[in-house]
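K.L.:
My questions will all concern the structure given below.
The values are calculated or read from the model by the stated rules, or taken from the named source; none is laboratory data. Please read all numbers here as calculations on a predicted model, not as lab measurements. Cβ atoms come from the backbone with ideal geometry, glycine included; neighbour counts cover every protein chain shown.
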Amino acid sequence: MNRSTDVELIRRLAGELPADRARELDRRLAAEPELAARYRALERSWAALAPPPAAPLPPGITARVMAEVRGGAAPGALSWSLAPTWVRAVAAAALAAGVALGAGLGHGPAPVSDLPPMAPGIGISPPESLATSYWKAIEDATESAPTAGARP
């Protein structure tokens, strides 16, 4: 079992493998018991990552929400009119500053890039699959880990 085989198995689980490669891998899984055992182990791990099913809504939630909508806010609920004047003033100032800052962002000079201009399709690699990204992260972590006998 090597890294490229594990990548193919993970891509098969994620649905990223093209149909012809998936059929070829299925034939190999039927012929090689060791590979099939590795795939089943990865499949169990993959299934454990799935989120649990959504919990059902509590009984009567729809009626309570609609009663709240029809009746307005309950007595004692929070309201801007109950906030101190200084809180309302600070909130209004923050809103005005945010609007002014947002309006000013589009009026500056265009950002200068030190990267050379690229023609479409030149020097651009295709997006990586989930499995490839995973293995690169593992390799980076392994390379940066200190060795057992090394001293700082």
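K.L.:
Applying the selection to region 2-20, what residues are of a type outside the set (A, V, I, L, M, F, W, C), surrounded by 10 or more Cβ atoms within 10 Å (Cβ to Cβ) and either at positive phi or assigned to a loop (DSSP other than H, G, I, E, B) (or both)?
P.N.:
If the condition is that a residue be of a type outside the set (A, V, I, L, M, F, W, C), surrounded by 10 or more Cβ atoms within 10 Å (Cβ to Cβ) and either at positive phi or assigned to a loop (DSSP other than H, G, I, E, B) (or both), then E16 is the only one that fits.
K.L.:
Sticking with this structure for a sec: Whether any residue in region 47-62 is more than 29 Å from A137 (Cα to Cα), without any contact (Cβ under 8 Å) to a residue 60 or more places away in the chain and part of a helix (DSSP H, G or I) is what I want to check.
P.N.:
yes
K.L.:
Of the conditions (1) within 30 Å of A14 (Cα to Cα); (2) of a type outside the set (V, I, T); (3) at pLDDT 80 or above, P59 clears all except one; give me its number.
P.N.:
(1)
K.L.:
Let me ask something else. Testing P146 on (1) at pLDDT below 70; (2) within 30 Å of P18 (Cα to Cα), one condition comes back false. Which one is that?
P.N.:
(2)
K.L.:
Looking for something in a helix (DSSP H, G or I), under 30 Å from V7 (Cβ atoms), in contact with a Leu (Cβ under 6 Å, 6 or more places away or on another chain) and at pLDDT below 85 - is there at least one such residue anywhere in region 22-45?
P.N.:
No, there is no match, as no residue in region 22-45 is in a helix (DSSP H, G or I), under 30 Å from V7 (Cβ atoms), in contact with a Leu (Cβ under 6 Å, 6 or more places away or on another chain) and at pLDDT below 85.
K.L.:
Does region 63-73 contain any residue that is closer than 30 Å to I10 by Cβ, of a type in the set (D, E) and surrounded by 11 or more Cβ atoms within 10 Å (Cβ to Cβ)?
P.N.:
no
K.L.:
Is one or more of the residues making up region 74-89 under 27 Å from L130 (Cβ atoms), without any contact (Cβ under 8 Å) to a residue 12 or more places away in the chain and assigned to a helix (DSSP H, G or I)?
P.N.:
no
K.L.:
Return yes when A31 is within 20 Å of Y134 (Cα to Cα), aliphatic (A, V, I, L, M) and surrounded by fewer than 13 Cβ atoms within 10 Å (Cβ to Cβ) and no when it is not.
P.N.:
No.
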